[in-house]
Amino acid sequence: PIVMCCEYPENQDCSYVSIDDVTAAYRAVNYLISLGCRKIGFVNCSQKYKYARHRRDGYLKALEQGGLRFNPEWYISIPSIDYTLAYSAILQALNSDTHPDAFFTCSDVFAAATINAAQNLGLRVPEDLCVIGVDNVEASRMTNPTITTISQPGFQMGQQACSILVEKINTPETPHRQILLSTELIIRESTR
């Protein structure tokens, strides 16, 4: 028996436990809009990953419903979670005259890169640029300023996936289950 945890195939019937990435991204961008941000960029990972596609969808949905336009110059796609590549791309985006006033990033690593790139250019976070990441990893509390982030219920995901797996081992005819857990917006210093 197989139970997927976090990533899962969208076109196959299997059991999985993950988060609702669309809603998580939508909530993060809506929060930025509620702070008065109107030029919101996005630092994302490769579209080969389901979470990256879903977070992009949530970002675009929030922009549309907030009456904000999508600017392709503010959409940065990095092939993998790579701090150095992200830092370089973000530095370039922030160095333009029409740079964003906020960035939603698909990971806390990218959020840290955003904060450091902004500070390197003399921008203040959050006064000049608000930043939100995803994951709530320990490093999100170690940056200056600390990172506002989307917290994933990692322990609960693992626990539920294991429970489903044990159930499938004990009762092989158990139907597949697909569970999407809620996330939590952790507000810290990188947003106003």
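The values are calculated or read from the model by the stated rules, or taken from the named source; none is laboratory data. Just so we're clear, the structure is a prediction, and the values are computed from it rather than from any experiment. Cβ placement follows ideal geometry from the backbone for every residue including glycine, while neighbour counts extend to all protein chains displayed. Surface accessibility is based on the protein's heavy atoms, side chains included, excluding ligands, DNA and RNA. Shrake-Rupley method; radii C 1.70, N 1.55, O 1.52, S 1.80 Å.
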Expressed in nm to one decimal, what extension gain is obtained for the pair Asn71 and Asp20 from 0.36 nm per residue of sequence separation less their Cα-Cα distance?
15.9 nm
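Based on the Cβ-Cβ distance of Ile81 and Arg38, what FRET efficiency does E = 1/(1 + (r/R0)^6) give at R0 = 22 Å, to the nearest 0.05?
Once rounded, the FRET efficiency stands at 0.20.
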Which trypsin sites (Lys or Arg not before Pro) does the range 24-128 hold that lie in a coil by DSSP with at most 11 other beta carbons within 10 Å?
Lys48, Arg69, Arg124
Residue-normalised value, i.e. accessible area per residue, for the chain at 1.4 Å probe, in Å², stands at 48 Å²
Which net charge results when you count Lys and Arg as +1 and Asp and Glu as -1 among the other residues whose beta-carbon is under 15 Å from that of Asn116?
-3
Heavy atoms of the protein only, probe of 1.4 Å, neighbouring chains included. What is the accessible area of Asp13 in Å², nearest 10?
110 Å²
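Tally the DSSP beta bridges in the chain and give the antiparallel ones as a percent, rounded to 5.
Taking every DSSP beta bridge within the chain, about 10 percent pair in antiparallel fashion.
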For Ile169, Ile76, give the ranking by accessible area with the largest first, probe 1.4 Å.
Ile169, Ile76
For labels at Glu173 and Ser88 in the simple 7 Å Cα→Cβ model, what's the distance in nm?
5.8 nm
Computed over the chain, the relative contact order (Cα-Cα under 8 Å, seq sep at least six) in percent reads 27 percent
Say we join alpha carbon atoms closer than 10 Å with springs in a Gaussian network model of the chain; which of Asp135, Asp20, Asp97 then has the biggest fluctuation?
Asp97
Can you tell which of Ile40, Ile179, Ile115 shows the greatest fluctuation in a Gaussian network model of the chain with Cα springs below 10 Å?
Ile179
Reciprocal of mean inverse Cα separation for the chain (Kirkwood radius, Å)
17.2 Å
Compute the longest continuous run of the chain that contains no exposed GluC sites (Glu not before Pro); treat a site as exposed when its DSSP state is not H, G, I, E or B and it has at most 16 other Cβ atoms within 10 Å.
11-126
Using distinct alpha-carbon pairs, which all enter the 1/r mean, Kirkwood radius of the range 108-186 in Å:
14.9 Å
Please give me the summed charge of the neighbours of Ser140: other residues whose Cβ is under 11 Å from its Cβ, Lys and Arg +1, Asp and Glu -1.
-2
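For the range 1-94, what is the Kirkwood estimate of the hydrodynamic radius, computed as the reciprocal of the mean inverse distance between distinct Cα atoms, to one decimal in Å?
Computed over Cα pairs of the range 1-94, the Kirkwood hydrodynamic radius comes out at 14.5 Å.
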